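What follows is a single structure, written as structure tokens, with notes after it.
The values are calculated or read from the model by the stated rules, or taken from the named source; none is laboratory data. The model shown is predicted, which means the values in this text are computed figures rather than measured ones. So basically every Cβ, Gly included, is an ideal-geometry build from the backbone, and we count neighbours across all protein chains shown. Side chains included, ligands, DNA and RNA excluded: accessible areas come from the protein's heavy atoms. Shrake-Rupley method; radii C 1.70, N 1.55, O 1.52, S 1.80 Å.
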Amino acid sequence: MFKGLIGKKLGMTQVFNEDGSALPATLIEAGPCYVTQVRNTERDGYSAVQLGFDEVPERKLTKGELGHLGKNKIPPLKYLREFRSKKPEVNVGDKVDVTQFELGKRVDVVGVSKGKGFAGVVKRWNFKGGPVTHGQSDRVRAPGSIAAGSTPGRVFKGKKMPGRMGNERVSSQNVEVVFIDAEKNIIGVNGSVPGPRGGIVMIKDARKQ
């Protein structure tokens, strides 16, 4: 059966176990979400469920988006995301919330990491840098040599170099659900979750139990 939610990262806190030990937890305002489309292998070539989250005024959506949602009498929703599912067992217009998850269950949380702009190799890849002594004073954080000699005479693809850091899709896999508040639509997972406060994340059943 399909289990998934779109949520908004609220921040981090602590949750205490029965034995008094503290667990770091990330709180996510998850749902309620609406099922806006169900894809199947016969028509679309794959099976998936599209969810919508965060109601907004109609003026903030395009006419195409309003038509997609309005034909099934679904309110205007800002975010749409697809979740692959072999057996969806849901219908368009259904509402899903945090009650589909249970304490102690494992989930995957997918988000976009914080963008950190252009970064050098020391910050981006944890390079050691060059020596400070022996006359070198202006290349401490430089990458140094990046290729071999005349053979092969080029830089291999995938070489760790300076460049844009962050702002990438990242998955926190197999994290435990440690807190659920059905009234406020809040779910807490053990550990960190990619992205800044207010970032949009996807919560789904863990693929690697």
Region 143-152, residues that are of a type outside the set (Gly, Ala, Ser) and surrounded by 10 or more Cβ atoms within 10 Å (Cβ to Cβ): Pro143, Ile146
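Criterion first (assigned to a helix (DSSP H, G or I) and open to solvent by 60 Å² or more (accessible area, probe 1.4 Å)) does Thr99 satisfy it? Explain how you work it out, then say what you get.
Numbers: assigned to a helix (DSSP H, G or I): yes; open to solvent by 60 Å² or more (accessible area, probe 1.4 Å): yes.
Yes; evaluated as a whole, the condition is true for this residue.
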Test: residue in region 192-200 that is more than 14 Å from Ala30 (Cβ to Cβ) and in contact with an Asp or Glu (Cβ under 8 Å, 6 or more places away or on another chain): no
Tally of residues being in a loop (DSSP other than H, G, I, E, B), under 28 Å from Asn167 (Cβ atoms) and β-branched (Val, Ile, Thr) across region 116-139: 0
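Among the residues of region 184-206, count how many are part of a loop (DSSP other than H, G, I, E, B), under 8 Å from the mean Cα position of the chain (by Cα) and either of a type in the set (A, V, I, L, M, F, W, C) or loosely packed, with under 15 Cβ neighbours inside 10 Å (or both). Even if it seems obvious, please write down each step before you answer.
Keep residues of region 184-206 that are part of a loop (DSSP other than H, G, I, E, B), which gives 184-185, 191-199, 206.
If we keep only those that are under 8 Å from the mean Cα position of the chain (by Cα) as well, we get 193-195.
Next cut, either of a type in the set (A, V, I, L, M, F, W, C) or loosely packed, with under 15 Cβ neighbours inside 10 Å (or both) only: 193.
Selection size over region 184-206: 1.
Working only within region 47-84, note down all residues that are open to solvent by 20 Å² or more (accessible area, probe 1.4 Å) and in a loop (DSSP other than H, G, I, E, B). So that I can check it myself, show each step before the final result.
We begin by selecting, within region 47-84, every residue open to solvent by 20 Å² or more (accessible area, probe 1.4 Å); these are 47, 50, 54-68, 70-73, 75-76, 78-82, 84.
Matches in region 47-84: Ser47, Val56, Pro57, Leu61, Thr62, Lys71, Asn72, Lys73, Pro75, Pro76.
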All positions within region 2-26 that are among the hydrophobic types (A, V, I, L, M, F, W, C), open to solvent by 10 Å² or more (accessible area, probe 1.4 Å), touching a residue at least 40 places away in the same chain (Cβ under 8 Å) and out of contact with any Asp or Glu (no Cβ under 9 Å at 6 or more places or on another chain): Met12, Val15
Sole residue being surrounded by 15 or more Cβ atoms within 10 Å (Cβ to Cβ) and on the phi < 0 side of the Ramachandran plot, chosen from Val155, Val112, Val140: Val112
Scope region 27-43; condition modelled with pLDDT under 95, open to solvent by less than 40 Å² (accessible area, probe 1.4 Å) and over 13 Å from Leu80 (Cα atoms); matching residues: Ala30
